[in-house]
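Have a look at the structure below, then the notes.
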Amino acid sequence: MKTAIDTTPAPARRDPQSAEAVVVVRGLSKVFKDFWGRSKARAVDGVDFEVRKGEVFGLLGPNGSGKSTTVKMLLGLLHPTRGHIEVFGKSPRHVATKSRIGYLPEESYLYRYLNSHETLDFFGNLFHLPPGDRRQRTEQLLDMVGLTQTRTRAVGEFSKGMQRRIGLAQALINDPDLVILDEPTAGLDPIGCREVKDLILALARRGKTVILSSHLLSDVEDVCDRVVIYYGGRIQAMGTLKELLSNRDAVRITTPPLSKEKMQQVLELIRADVAEDRIKIDNPTQNLESYFLDVVARARSADAQTSGAQSGGQVAAYLRGSESDAPAATARILDRLTLPAAREPDPVPVAAAEPAVDRSRLESLAKPAEPAAAPVAPASTPERPTAVDLSEANTKLSSLLNKPKE
Amino acid sequence: MASRNPILRLLIGIAVIPALLRWLLGQRIWAVAALTWRAAFRFRLFWVLTILLLGSVVVLPLLIRDDGTARGFIQIMLTYTLSVITALLGFSTLWLACGTLARDIEDSSMQMVVVKPIGRWQIWLGKFIGIMMLNAVLLALSGLSVYALLQWRAKQLDPRERVILRNEIFVARAALKEPLPDIEGTVNIALQKVMRETPLTPQQQEETRRLLRADISSRHQDVPPNHLRRWTIELGLLRHTLRDTPMFLRVKFHTAQTNNAGTYLGLWNIGPPDSPQVRSVPQSLAADTFHEIEIPPNLFDASGKLTIDFENRNNSALSFPLDEGLEVLYREGGFGLNFIRGLGIVYCWLALLTALGLASASLLSFPVAAFCSISLLLVCLSGGTLSTVVSEGTVTGLDHETGAGGGTVVDLVLLPFFKALLGLVKLVQEVSPIESLSTGRSITWSQLGGAFAKIVLLLGGIISLVGILFFTRRELATTQSQS
């Protein structure tokens with residue numbers, strides 16, 4: 001196990017302990033019965049957890065471990081055999097509470113004969129949105145999920161990825177406070193996956209609570225603050241990713257290529273304290289997702305044509321907050337800045353030109369007794385945004401999404 | 001001016017209906033209703049049904065065998081086309097109602113709707129209204145085509161036949177009857193008289209009561225050979241409105257002995273007895289069917305009493321049933337409005353079937369729901385079998401020679417069920433719009449209101465409540481909840 005110098009821009013996350021509980025689950029069990037009332041399967045067995053406001057909470061587990069059953073009980077689609085669920089302090093079947101929830105199921109359960117525009121309009125009606133809002137949000141969401149070109153095609157004719165995108169759009173039409181996403185990236189291409197993850201992060205930055213159920217570890221790792229791991233209907237592990245994943249017994253230092261002499265010097269220093277067989281040296285590799293995104297971004301800039309779903313546009317304006325709202329405007333700027341940053345190869349090498357940051361990081365890492373004492377500013381974290389920064393970020397975003405925004 | 005153009009006004013009226021409904025129902029129920037409506041178009045159900053309905057209206061008259069008279073042809077055409085429209089719409093309504101809810105549950109699209117802030121009762125009601133909107137349009141289209149076809153056919157007839165049609169079919173006529181005699185009261189008095197003379201066991205009492213009832217009824221109904229039967233009809237205040245207006249005598253009789261000719265001679269004397277006004281109408285009529293005899297105007301007396309005498313000039317007795325043996329029909333209104341009211345009652349039936357289909361789909365899967373509700377409809381349509389079963393007291397049938405049969409376990413279970421069904425069928429079919437329309441009988445607003453109250457509000461309401469209850473309590477994600 002290695003401890004990397006984390007340079008991925010950490011979202012401005014909340015303090016989960018002090019926030020109000022959005023979802024409370026106590027002693028939840030679900031036993032499926034046959035026609036004669038005989039127990040057929042125990043899908044969920046004595047599960048307890050709480051999801052607090054502003055968290056991205058992951059339900060992780062293999063297929064058939066009870067994640068979707070839990071999600072469906074949270075939504076009132078299944079009734080618990082035992083136990084207690086509260087969503088925003090109310091029963092999951094309380095109708096008015098549902099106006100604060102957005103849900104993306106694990107498969108497309110949309111009406112196949114409606115086109116994407118009609119689908120969003122229908123669900124907008126169920127949320128009692130006035131016609132103007134409905135129209136505006138429909139347009140923005142279609143743009144966000146990249147389905148503006150296919151708005152008049154029936155959803156039933158869509159590819160799985162496109163159905164996922166329209167499913168995601170309908171889950172957000174009410175600007176929900178709690179978003180429940182069941183396998184949100186299933187069937188999506190890597191670009192779509194990245195966009196969904198960025199969206200989740202953007203929602204979290206706006207103080208929305210997100211519950212994410214997935215068996216894809218990278219999904220959960222990239223976006224979740226806290227996870228529960230299911231197996232056989234029971235929770236096997238629960239905690240923040242940091243608690244679950246950090247290995248305090250090892251340190252990893254990433255630098256630009258060094259001269260052989262410099263390297264020898266560094267190794268000498270280390271060998272003085274650590275045995276030779278416990279030191280490991282290699283080149284950091286970027287993960288396949290980052291590499292793939294890089295390749296596609298380059299191809300896009302060469303203006304390649306595609307007949308499928310377009311890459312999504314910006315996060316819909318109403319999901320980012322209103323224009324006149326100053327704090328929301330800041331969040332929007334942050335979104336713009338962080339979206340392209342998240343596409344950078346990862347981990348980003350520590351910049352040699354900023355030794356001050358390096359030193360402080362090294363100092364903090366050299367003291368294993370107080371590892372998380374001082375919040376360390378990542379080397380690549382942007383400074384407070386200026387007008388120049390913003391335009392650069394926008395250009396970057398546009399080139400990534402192939403949507404020039406002059 | 002454009003607003004005076006009737007077609008434009010009609011179009012504006014049609015456009016206003018959805019807006020009005022939307023306002024009345026609220027955005028959510030309307031959205032579900034509109035979705036149901038849209039599905040019927042996208043799955044081409046609407047067009048298939050329209051073609052079937054219009055096709056049957058056009059094709060059926062070509063296949064009809066009638067009695068050769070224009071009146072007979074129009075009557076049969078009206079009966080057949082309206083029956084086929086009702087049956088087609090009835091079955092398609094059940095199918096659609098079962099399908100729209102059960103399919104949504106089975107393909108999980110319902111999950112996406114119930115997680116939104118809409119009550120399940122609102123979803124149920126939205127589906128109901130969506131189907132009823134579709135039925136309204138289909139019924140209006142087919143009704144309009146039947147009406148247009150009737151008018152077109154009538155126009156091709158010679159004027160004399162057209163007058164007959166206008167008087168007897170294209171009209172809304174109300175009926176006057178003699179008040180029904182208190183047969184049960186008379187039977188009780190007679191039974192008590194018998195029991196004063198001879199003490200009877202309870203079984204003997206029942207038998208005696210049955211015999212007395214048959215005897216007293218036949219005394220009111222039967223006209224022996226060469227006897228005269230008099231009916232007195234009180235017009236009451238109608239005497240003012242019916243002055244100078246012809247009326248119609250509608251009669252039907254049975255006979256125990258048939259003759260070779262198949263018709264039975266009788267002399268009808270209509271008018272105040274022993275006055276020169278009396279009109280004698282000799283008629284040779286067939287038994288077991290309805291006949292209409294025109295009554296010239298102003299044959300009732302000053303107090304509004306109309307007297308009708310019938311002399312039986314045959315060798316066998318004729319029996320005029322108490323309920324429908326003799327009625328005096330008079331013009332109450334036009335055919336157009338009556339036709340609309342008749343379709344209104346058919347619409348009430350369709351509402352009941354919609355509720356039944358949705359209720360069964362709330363509980364069962366699509367094929368099972370469709371099978372159960374269509375079977376129930378078929379059982380109810382065979383009202384004759386139902387009433388035989390109930391009157392004989394057995395499902396398996398009586399041995400008519402020995403009178404034995406019944407009392408099995410099957411009877412114990414099914415008889416109460418059949419009795420309840422028969423009661424419901426009678427309630428639903430209390431007013432028979434097709435028969436009334438084809439005989440030029442008036443369907444009053446109060447009859448339509450009564451049908452709406454009993455069929456839609458009472459029966460439909462109970463079925464809907466049960467359906468909504470099942471739907472509200474149902475777990476909608478059991479099919480793919482194992483992951």
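The values are calculated or read from the model by the stated rules, or taken from the named source; none is laboratory data. Quick caveat, the model's predicted, so the values are computed rather than measured. As a convention, Cβ positions derive from the backbone with ideal geometry for all residues, glycine included, and neighbour counts pool all protein chains shown.
The table that follows gives values for the structure above.
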| quantity | calculated |
| --- | --- |
| Residue check, residue A:211 surrounded by fewer than 23 Cβ atoms within 10 Å (Cβ to Cβ), part of a strand (DSSP E or B) and either modelled with pLDDT of 90 or more or out of contact with any helix residue (DSSP H, G or I) (no Cβ under 6 Å at 6 or more places or on another chain) (or both) | no |
| Residue within region B:357-378 that is in a loop (DSSP other than H, G, I, E, B) and closer than 30 Å to residue B:417 by Cα present | yes |
| Residues of region A:171-191 classified as more than 16 Å from residue B:112 (Cβ to Cβ) and assigned to a helix (DSSP H, G or I), total | 2 |
| Qualifying residue in region A:77-96 (condition: facing chain B (nearest Cβ under 9 Å) and either farther than 30 Å from residue A:42 by Cα or in a helix (DSSP H, G or I) (or both)) | yes |
| Residue within region A:45-53 that is within 13 Å of chain B (Cβ to nearest Cβ), outside any loop (DSSP other than H, G, I, E, B), at pLDDT below 95 and surrounded by 20 or more Cβ atoms within 10 Å (Cβ to Cβ) present | no |
| Residue in region B:196-217 that is nearest to residue B:316 (Cα to Cα), counting only those that are out of contact with any Ser or Thr (no Cβ under 7 Å at 6 or more places or on another chain) and in contact (Cβ under 8 Å) with a residue 12 or more places away in the chain | B:217 |
| Qualifying residue in region A:2-20 (condition: modelled with pLDDT under 95 and not in a loop (DSSP other than H, G, I, E, B)) | no |
| Per-region count, region A:139-170, residues away from every other protein chain (no Cβ under 14 Å) and part of a helix (DSSP H, G or I) | 13 |
| Test: residue in region B:238-247 that is free of Cβ contacts under 8 Å to residues at least 40 places away in the same chain, on the phi < 0 side of the Ramachandran plot and crowded, with 17+ Cβ neighbours inside 10 Å | no |
| Any hit, region A:114-121, residues being part of a helix (DSSP H, G or I), in contact (Cβ under 8 Å) with a residue 40 or more places away in the chain and among the hydrophobic types (A, V, I, L, M, F, W, C) | yes |
| Residues being within 21 Å of residue B:115 (Cβ to Cβ) and surrounded by fewer than 24 Cβ atoms within 10 Å (Cβ to Cβ) - total across region A:58-75 | 1 |
| Number of the exception - residue A:237 against (1) in a strand (DSSP E or B); (2) surrounded by 14 or more Cβ atoms within 10 Å (Cβ to Cβ) | (2) |
| Condition met for residue B:465 (away from chain A (no Cβ under 14 Å), out of contact with any Ser or Thr (no Cβ under 6 Å at 6 or more places or on another chain) and buried (at least 19 other Cβ atoms within 10 Å of the Cβ)) | no |
| Residues being in a helix (DSSP H, G or I), loosely packed, with under 12 Cβ neighbours inside 10 Å and not hydrophobic (A, V, I, L, M, F, W, C) - total across region B:156-205 | 10 |
| Some residue of region A:175-198 being surrounded by 20 or more Cβ atoms within 10 Å (Cβ to Cβ), of a type in the set (S, T, N, Q) and more than 16 Å from the chain's Cα centre (by Cα) | no |
| All helices (runs of 4 or more DSSP H) inside region B:56-155 with 2 or more residues being surrounded by fewer than 20 Cβ atoms within 10 Å (Cβ to Cβ) and away from chain A (no Cβ under 14 Å) | B:70-106, B:120-155 |
| Residue list for region A:97-137, filter: within 8 Å of chain B (Cβ to nearest Cβ), more than 26 Å from the chain's Cα centre (by Cα) and under 24 Å from residue A:87 (Cβ atoms) | A:122, A:125, A:126, A:128 |
| Residue match in region B:22-40 (condition: in a loop (DSSP other than H, G, I, E, B) and on the phi < 0 side of the Ramachandran plot) | no |
| Complete set of residues in region B:1-50 that are surrounded by fewer than 14 Cβ atoms within 10 Å (Cβ to Cβ) and in contact with a Gly (Cβ under 7 Å, 6 or more places away or on another chain) | none |
| Complete set of residues in region A:91-150 that are among the acidic types (Asp, Glu) and more than 27 Å from residue B:100 (Cα to Cα) | A:133, A:139, A:143 |
| Only listed residue being touching a residue at least 40 places away in the same chain (Cβ under 8 Å) and either of a type in the set (Val, Ile, Thr) or within 14 Å of chain A (Cβ to nearest Cβ) (or both), chosen from B:28, B:44 | B:28 |
| Strands (runs of 3 or more DSSP E) completely within region B:266-319 that count 2 or more residues being among the hydroxyl-bearing types (Ser, Thr, Tyr) | B:279-286 |
| Candidates B:353, B:285, B:318, B:326, filtered to the one that is on the phi < 0 side of the Ramachandran plot and without any contact (Cβ under 8 Å) to a residue 40 or more places away in the chain | B:285 |
| Residue ID - farthest from the other protein chains (Cβ to nearest Cβ), chosen from residues in region A:20-44 that are surrounded by 23 or more Cβ atoms within 10 Å (Cβ to Cβ) and within 11 Å of residue A:233 (Cβ to Cβ) | A:28 |
| Residues that are without any contact (Cβ under 8 Å) to a residue 12 or more places away in the chain, of a type in the set (S, T, N, Q) and in a helix (DSSP H, G or I), drawn from region B:423-482 | B:446 |
